[in-house]
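Data first, discussion second: the structure below is written as structure tokens.
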Amino acid sequence: MSTVVQPLPPGLGRRVGRNVRDWIPAALVLVLGIGSWQVLVDVLSIERFLLPKPSDIARTFWGERDVLWSAGFYTFREALGGFVIGSGAAMLFALLLARFRRLGSALMPLAIAANAIPIIAFAPIFNAWFDVLSPTSKIAVAAVLCFFPVLVNTLRGLTSVQPRAIELMRSYAAGELQVFRKVRIPAALPFVFSALKVASVLAMIGAIVGEYFGGSQEALGIQIRNSAALFQFETAWAAIMVASILGIAFYASIAAVERMALKWQGNSREGVRQ
Amino acid sequence: MAHAEPAVALSGAVFADRRQTWPGALGRAGVTLLVLAALWGLWEAYRWMGVRTQLTWPFPVDDVTMPHIHTILQALFEPSRVNGPLLISVLLDSAWFTAKEALLGFTLGATFGFALGIALAHSRLLQRGFLPYIVASQTVPILAIAPMVVVWLKSGWLSVAVIAAYLTFFPVTINTLRGLLSADPRALELMRSYAASGWAVLWKLRVPAALPYIFSALRVSATASVVGAIIGELPSSIQDGLGGAILNFAQYYSIQPANLWATNLVAAALGIVFFLAVVLAEKLVVRRSPENVA
Amino acid sequence: MSERAAAVSLAGVSKTFAKGQVRALEDIDLDIRPGEFVSLIGPSGCGKSTLLRVIGDLVGASSGQVTVNGKSAARARADHDYGIVFQDAVLYDWRTVAKNVALPLELAGWNRRRRGERVAEMLELVELSGFGDHHPWQLSGGMQQRVAIARALAFSPALLLMDEPFGALDEMTRERLNIELLRIWEGSESTVVFVTHSIAEAVFLSTRVVVMSPRPGRIAAVIEVDLPQPRTNETREEPRFFELVTEVRERLRATEPAAELLA
């Protein structure tokens, strides 16, 4: 599920959401969307199990909120753990590969190819390695899912510096470490955040899909699977909503950190044209 | 392109890298083989050490958790069930089945994503109204919706393709939008001086300018479509594809671990093949000045 | 494919930006006769590029009348009456040189054979005949600008608008291209409106030099350049050339009173 490339075009991200007024169209779409959903279920006589009414889902959401949210956080912790381990390892590895270029050029194409592997196929193996009921197996799935995108993008960011910027540092007789600290790492930040936003979504989805292959009853993915199997579709949809909300929150927090970090560094992408 | 922008695919550069030369490609293939050999060696070394020292962290090491690589390769050329066909032929059939679903999903998703990107590029209002939901759509575990999609469409493999399309369309939409908006304002002025129609500006300027971004997304989507096809098969109880094979061999993992590993190898290969196909297409279609970065 | 040069007439043209906060042009009156080569020169902020864009209908005038080739500026643009060259060649990376030159012809619906012939003609005109299959990044800056000029001349337009086309090039290439441009101009009988920062270039190329002053943009002086045609490298060394350059320079200095104190 390696999805998102750049979630929002940068120029767009800065202008949209700046004032409350900008959110009106989105709010309108939401209201219209849910409204028509509610109405159409009746009008088209859609079967309960295909698509329950939003009002029913909301009721179930409220009624089972304790179970749903605790399951949600259980899964979120798995996703977070995998995110931290996977992204952290990837960034360290990327620094290494950027420092030792020969190794980096040799391994970069392999990392890119590895990124094309459907990691989710390995979920049952992780279940065999780490007890199927333990969160560790899902953390492992999430970690591997995060690893390659963050590695590839971070490495790309570290090695995409204008030659003139490096020349300037050399003219100051700056050592490799200083070049990294003052030029490469700041230049890589936009790439890194871009990848971290992607990874946040992947981690959450990875944890849930990983649970599909087996997991603790406390996990959200299991809740979804079980309630769907028991035809309790309102519960299933409510659980899906929880998953989505947590995923969006995770993504948004990374985006917030990004805004702060990049403002601090001085956003050199001011010139992105619209 | 003075400043390299971070609109980078998960799988590499937006613009074509250094020119491919024959000795260069050969050298890279050699390095790849070397690294694969090194990984093989690491695997066997870790396994040997783990068995000897009775390692239990991070996971216990034995024949089930870490079969010998040669055992895995051997299993490919043995029947997977009594008197059945060779595992490798079973897996290749499954891979082909899944590949067809993935290909259809990829085509549907990419086309839809492209069209959506064009629509969004022409209306700031549409962007504000729909982009948040388009982004949020990828946080919804599509796996959970899969059974309903199957019933809706009354067809197993078509719903799998739809699920694959769901994972495919998003990167294409975002990058098409980004690419279309990246046109040089001076080039737009030039088109205005020609009194060019909106249609002409789109197809002669914006879309060609967007191609590197679009291919960048297609590289990601190639993998996403395979992943989508595999996970789409899981709840749909489709036996014929790789998803079914994974579930099947996962059940019997403790008896025959090599089969699941072999299936994963085939799945990995499928993902890589799709990815390479897009990379090849990109080399043929996109011509840009070589990047100048350190 | 009319070869008759266009006249350009500006009457009381003004242009403001940002809801009247920025007065880029104020009360511009200028009559450019067919076949003339007019340079616009002035310090930053004098509105010369804006004026060029008003003539080309790339920017609308806030008030006043603009007549190009006997029509409104908008009509002239729709009729492809002018070609424009920017400081940046603005060539499409994904097209070959030949396809770049063919762009306006494609937009006008010319068929492939006609396009091919015209492109070959144009490339020969700018002396880049062997480079049709190259890509822009394979060419030097000067060559890229020649491609841009070839493209601008594709319709043999009655008017040629040029916005500091040689600004990014080195002095020697610039002088060479000046001579080439004059050669092309003489052959084409177009009117040329040329924006530049370089006094020597303005005097060398033009029949008239229009000096503009900034804040708000106005015409400060119009100087007739009575150097004989055709102009050559020797023209740059004639006494009359220096006199004219000095005159333009003094008019320019006069537009910036503060600068006088520093001089």
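Below, the figures for the structure above:
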| quantity | calculated |
| --- | --- |
| Every residue from segment A:6-48 that is modelled with pLDDT of 85 or more and hydroxyl-bearing (Ser, Thr, Tyr) | A:36 |
| Meets criteria (more than 10 Å from chain A (Cβ to nearest Cβ) and surrounded by fewer than 21 Cβ atoms within 10 Å (Cβ to Cβ)) for residue B:202 | yes |
| Complete set of residues in segment B:248-294 that are over 18 Å from residue B:96 (Cβ atoms), more than 14 Å from chain C (Cβ to nearest Cβ) and free of Cβ contacts under 8 Å to residues at least 60 places away in the same chain | B:250, B:251, B:252, B:255, B:260, B:280, B:294 |
| Residue that is nearest to residue A:211 (Cα to Cα), among those in segment B:120-156 that are of a type outside the set (A, V, I, L, M, F, W, C), within 7 Å of chain A (Cβ to nearest Cβ) and not in a helix (DSSP H, G or I) | B:141 |
| Count of residues meeting criterion [farther than 24 Å from residue C:225 by Cβ and in contact (Cβ under 8 Å) with a residue 24 or more places away in the chain] in segment C:12-52 | 9 |
| Only one of C:24, C:98, C:74, C:61 that is part of a helix (DSSP H, G or I) and over 17 Å from residue C:160 (Cα atoms) | C:98 |
| Those residues of segment B:227-283 which are of a type in the set (Asp, Glu) and in a helix (DSSP H, G or I), in sequence order | B:233, B:282 |
| Cβ-Cβ under 6 Å pairs, at least 6 apart or on other chains, segment A:83-102 side assigned by TED's automatic domain parsing to the domain that holds residue A:145, far side among the hydroxyl-bearing types (Ser, Thr, Tyr) | A:91/A:154; A:94/A:154; A:98/A:159 |
| Segment B:70-87: number of residues that are assigned to a helix (DSSP H, G or I) and surrounded by 17 or more Cβ atoms within 10 Å (Cβ to Cβ) | 4 |
| Segment C:235-248 residues that are part of a helix (DSSP H, G or I) and at pLDDT below 95, paired with ones that are of a type outside the set (Asp, Glu) and loosely packed, with under 13 Cβ neighbours inside 10 Å (beta carbon under 8 Å, 6 or more apart) | C:235/C:228 |
| Test: residue in segment A:214-237 that is under 15 Å from the mean Cα position of the chain (by Cα) and either of a type outside the set (Lys, Arg) or assigned by TED's automatic domain parsing to the domain that holds residue A:34 (or both) | no |
| Residue match in segment A:136-157 (condition: assigned by TED's automatic domain parsing to the domain that holds residue A:86, in contact with a strand residue (DSSP E or B) (Cβ under 7 Å, 6 or more places away or on another chain) and closer than 18 Å to residue A:85 by Cβ) | yes |
| Subset of segment A:145-187 (residues that are surrounded by fewer than 12 Cβ atoms within 10 Å (Cβ to Cβ) and in a helix (DSSP H, G or I)) | A:163, A:164, A:167, A:170, A:171, A:176, A:177 |
| Unique match (being within 30 Å of residue A:219 (Cα to Cα) and touching a helix residue (DSSP H, G or I) at 6+ places or on another chain (Cβ under 7 Å)) among A:128, A:98, A:94, A:116 | A:116 |
| Members of segment C:45-76 found to be over 17 Å from residue C:193 (Cβ atoms) and in contact with a Pro (Cβ under 7 Å, 6 or more places away or on another chain), listed by number | C:45 |
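The values are calculated or read from the model by the stated rules, or taken from the named source; none is laboratory data. Keep in mind that what you see is a predicted model, and the values were worked out from it rather than measured. Every residue, glycine among them, receives a Cβ derived from its backbone with ideal geometry; neighbour counts consider all protein chains shown.
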